[in-house]
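See structure below.
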Amino acid sequence: MRESRGAPNYEMQMSSLSIKNLHVSIGDKEIIRGLTLEIPKGEVHAIMGPNGSGKSTLSKAIGGHPDYIVTGGEVLLDGDDILGLDPDARARKGLFLAFQYPMEIPGVSNANFLRAALNARQPEGEEIEATEFYAQMYAEMDKLEMARTFTARSVNEGFSGGEKKRNEILQMAMLKPAYAVLDETDSGLDIDALRIVSAGVNALRGPNLGILLITHYQRLLDYIVPDVVHVMVEGRIVRSGGKELALELEERGYDFIKDDITEPSLA
Amino acid sequence: MNPAILESEEVLTTNAASILSAGPVSPEQAEAWEKFTALPMPVRTDEAWRFANVKDLDLGGYVPAQPVDDATRDELLTRSMGLASIAGRMVFANDQLLVQETLGDSLRQKGVIWLPLDQAAAENPELFRKHFMREEAILGGQKFAALHASQVRAGTFLYVPRGVEIDLPIEAFHWEHGANGSVFPHTLIIAEDMAKVTLIDYYESAVPDAPALACAVNDLWLGAGASVTYVCVQNWSRKAHSFQLNSTVVGRDAHSKSLFAQLGGRHVRSESISHLRGQGGRSDMLAVTVAEGAQEVDARTFQIHEVPNTQSDLLYKNSLDDTARTIFAGLIRVDPGAHRTDAYQKVRNLLLSDEAEANSAPGLEIEADDVRCTHGATSGQIEQEELFYLLSRGIPKKDAQRLIVFGFLNEVIERLGNEPVQEKLRELVRARFSE
């Protein structure tokens, strides 16, 4: 059961995904400019922001994409800096990235892909037991209303937008991360798919998972209700608040925030 | 009377000396031997050997492979791991038949003939003569076709009469064992009208890094409406010279599918020709290559549309690592009058190393109207975004790369449309990766 919280908890704690004064560049261009954010395990935080604010850059940088160069700051997973780790090691440490545009991997079946990911988490030389694996996978697929035929199909190949996003949540359910960053999971979804995907995420909510939802629209937050909402503009968090902040953004647009920060007293 | 195959005593004679210095004895084989010695070795300037490292073709030092001893025989039989469910199986080692698991009585009663080549030649001389090495090697391998014809002493002969469908695959294992040995596997499939069959050849070396010469021929002949699936897994020693000459004759409304998996060998030359000879005929020509180290895999193909309304679809995929080289030279030919031809040819190279080299030379010769011919060759590396996606799921880089390469090749394998055979091929490709 998830406890409902009053005010968000900003205290430093070990069980969190903590981003401190992060600077990220692509090429010569600095996109993330001193971003600080902490997602305690068990909470759902949403980052909203206009296009170009650096939301997707943040998720790729946390995941360790080689094109996104961290020039300063820290990303701590339960207290350990993960910025020195390769992307696969970050994932095995408990990080999960749901992609805005999940990649197609031709010729590799969904089942094989998931097995490889799970086997990578087994002790050296051990593999996940096949029967158990399929039972688990089918159970999670049922929750996401995915047909069994998806196991044999190539990863994301020929999947609709909604199917790809469901597949991301399936992977998340199977890999059981400690922290998940969901990048624009709502983009390209019709209302039915949004409902299914959100239900999938909500089912995974709990004290052992911290979630960072990245979204452009408030709509997603009707389905996955966040504990904390952050507003990101030009590579920084400019405002944080409760879920009502999302509503306010929806009503007034991002401009009112931008207006707020034109005279930045960042104190 | 055996028209073309060495009889057992003659084998002994031939075995007594190097294949490259002692001639064979049957008249046909003597003639072939003469042809072999008369034809020049390929040189760099031969168009049919363009890109190939012809200096590496020195065949001196190879000797006829000797019969294996009992212990080796038992070992090789144990290692002949094919599919769980098959219709029949033969195992050869050093061109000597070790085991023949015959087809069931019902198939034999229907007239199916599945015999070692020499026995088939002796028992069905007319049928044998009609089909044995009837299609000329016209892609540069004439000399090696002659070598094969002069030396062939083992292989499989499969005749499927009109209307007979064999549901389960038939398998043949060809083992090569010993240093500097040479083997000459042969496969001849004759599928009469409306017949249907799947045959898998496994070419294997007992020792993965002993020098060897393999010079194989496989010919498929499809009558009207026949359906043949032929798979050949070439997994010779990493120090082997492998020559392989394939021809497929596709009759009216017949459908041939062939898949060559090139996993072994040091210098591999494969020539594959489809003759679309009957209207409505279709040939799917598939190949997957895993080339590593200093391997060279040289594939030449020919899609010949001889009559109107035929289809051919070629898909060759190569994965190249280290300093490996691949060559693909493929020609689509549409004969005069072969209207409404639909021919497709695609080669894809996945380069895993900066030093690997993929050469592609597709070509078209069209002498008819209203044809659709498409060809293309692409070379590329693993997509960084695909790799990152797998890494982000916790899959270590090496495994992620293998998975992507596996998927790349698996797309060809899946075109076979036979799940147990596909699974076997996947298993062999995976085993190759984990070496």
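The values are calculated or read from the model by the stated rules, or taken from the named source; none is laboratory data. Just so we're clear, the structure is a prediction, and the values are computed from it rather than from any experiment. Methodologically, a virtual Cβ is constructed for each residue, glycine included, from the backbone with ideal geometry; neighbour enumeration extends over all protein chains shown. Heavy atoms of the whole protein, side chains included, go into the accessibility calculation; ligands, DNA and RNA do not. Shrake-Rupley method; radii C 1.70, N 1.55, O 1.52, S 1.80 Å.
Here are some notes:
- Selection within the stretch A:133-158 - open to solvent by 60 Å² or more (accessible area, probe 1.4 Å) and either in contact with a Ser or Thr (Cβ under 9 Å, 6 or more places away or on another chain) or part of a strand (DSSP E or B) (or both): A:134, A:138, A:152, A:153
- Positions within the stretch A:24-46 being under 14 Å from residue A:230 (Cβ atoms) and without any contact (Cβ under 8 Å) to a residue 40 or more places away in the chain, in sequence order: A:38
Residue-wise test of (1) more than 30 Å from residue A:256 (Cα to Cα); (2) assigned to a helix (DSSP H, G or I); (3) at the interface with another protein chain (Cβ under 10 Å from one of its Cβ atoms).
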site	(1), (2), (3)
A:39	no, no, no
A:57	no, yes, no
A:66	yes, no, yes
A:131	yes, yes, no
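- Counted as qualifying within the stretch A:159-267 are the helices (runs of 4 or more DSSP H) with 2 or more residues that are in contact with a Gly (Cβ under 9 Å, 6 or more places away or on another chain), surrounded by fewer than 22 Cβ atoms within 10 Å (Cβ to Cβ) and modelled with pLDDT of 90 or more, namely A:161-175, A:191-204.
- Considering the stretch B:233-262, the residues that are part of a loop (DSSP other than H, G, I, E, B) and over 18 Å from residue B:184 (Cα atoms) include one that is most open to solvent (accessible area, probe 1.4 Å), namely B:252.
- Annotation: residue A:145 fulfils all but one of (1) free of Cβ contacts under 8 Å to residues at least 60 places away in the same chain; (2) under 30 Å from residue A:38 (Cα atoms); (3) more than 9 Å from chain B (Cβ to nearest Cβ); the unmet one is (2).
- The numbered conditions (1) open to solvent by less than 50 Å² (accessible area, probe 1.4 Å); (2) at pLDDT 95 or above are all true for residue A:130 except (2).
- Out of B:386, B:427, one residue alone is open to solvent by 20 Å² or more (accessible area, probe 1.4 Å), of a type in the set (D, E, K, R), more than 11 Å from chain A (Cβ to nearest Cβ) and over 24 Å from residue B:274 (Cβ atoms). It is B:427.
- Residue in the stretch B:197-206 that is open to solvent by 10 Å² or more (accessible area, probe 1.4 Å), outside any strand (DSSP E or B) and within 17 Å of residue B:95 (Cα to Cα) present: yes
- Single residue of the stretch B:113-163 satisfying the filter (surrounded by 23 or more Cβ atoms within 10 Å (Cβ to Cβ) and among the β-branched types (Val, Ile, Thr)) that is farthest from residue B:32 (Cα to Cα): B:160
- Listed conditions (1) in contact with a Phe, Trp or Tyr (Cβ under 8 Å, 6 or more places away or on another chain); (2) closer than 20 Å to residue A:213 by Cα; (3) outside any loop (DSSP other than H, G, I, E, B) are all met by residue A:46, apart from (1).
- Condition check for residue B:51 on (1) modelled with pLDDT of 95 or more; (2) touching a strand residue (DSSP E or B) at 6+ places or on another chain (Cβ under 6 Å); (3) open to solvent by 30 Å² or more (accessible area, probe 1.4 Å): one failure, at (1).
- Across the stretch A:114-127, the qualifying residues are those that are under 15 Å from residue B:389 (Cβ atoms) and either open to solvent by less than 20 Å² (accessible area, probe 1.4 Å) or not aliphatic (A, V, I, L, M) (or both), and the one among them that is farthest from the other protein chains (Cβ to nearest Cβ) is A:114.
- Selection from the stretch A:77-88 of residues that are crowded, with 17+ Cβ neighbours inside 10 Å and within 13 Å of chain B (Cβ to nearest Cβ): A:82, A:85, A:87, A:88
- Residue match in the stretch B:339-358 (condition: within 14 Å of another protein chain (Cβ to nearest Cβ) and open to solvent by 70 Å² or more (accessible area, probe 1.4 Å)): yes
- Search result, residues across the stretch A:103-113 that are open to solvent by 10 Å² or more (accessible area, probe 1.4 Å), of a type outside the set (Ser, Thr, Tyr) and more than 7 Å from chain B (Cβ to nearest Cβ): A:104, A:112
- Selected residue (criterion: farthest from the other protein chains (Cβ to nearest Cβ)) from residues of the stretch B:409-424 that are open to solvent by 70 Å² or more (accessible area, probe 1.4 Å) and under 20 Å from the mean Cα position of the chain (by Cα): B:420
- Any chance residue A:74 is more than 14 Å from chain B (Cβ to nearest Cβ), modelled with pLDDT under 95 and more than 14 Å from the chain's Cα centre (by Cα): no
- Residues of the stretch A:89-98 classified as more than 7 Å from chain B (Cβ to nearest Cβ) and either in contact (Cβ under 8 Å) with a residue 12 or more places away in the chain or open to solvent by less than 10 Å² (accessible area, probe 1.4 Å) (or both), total: 6
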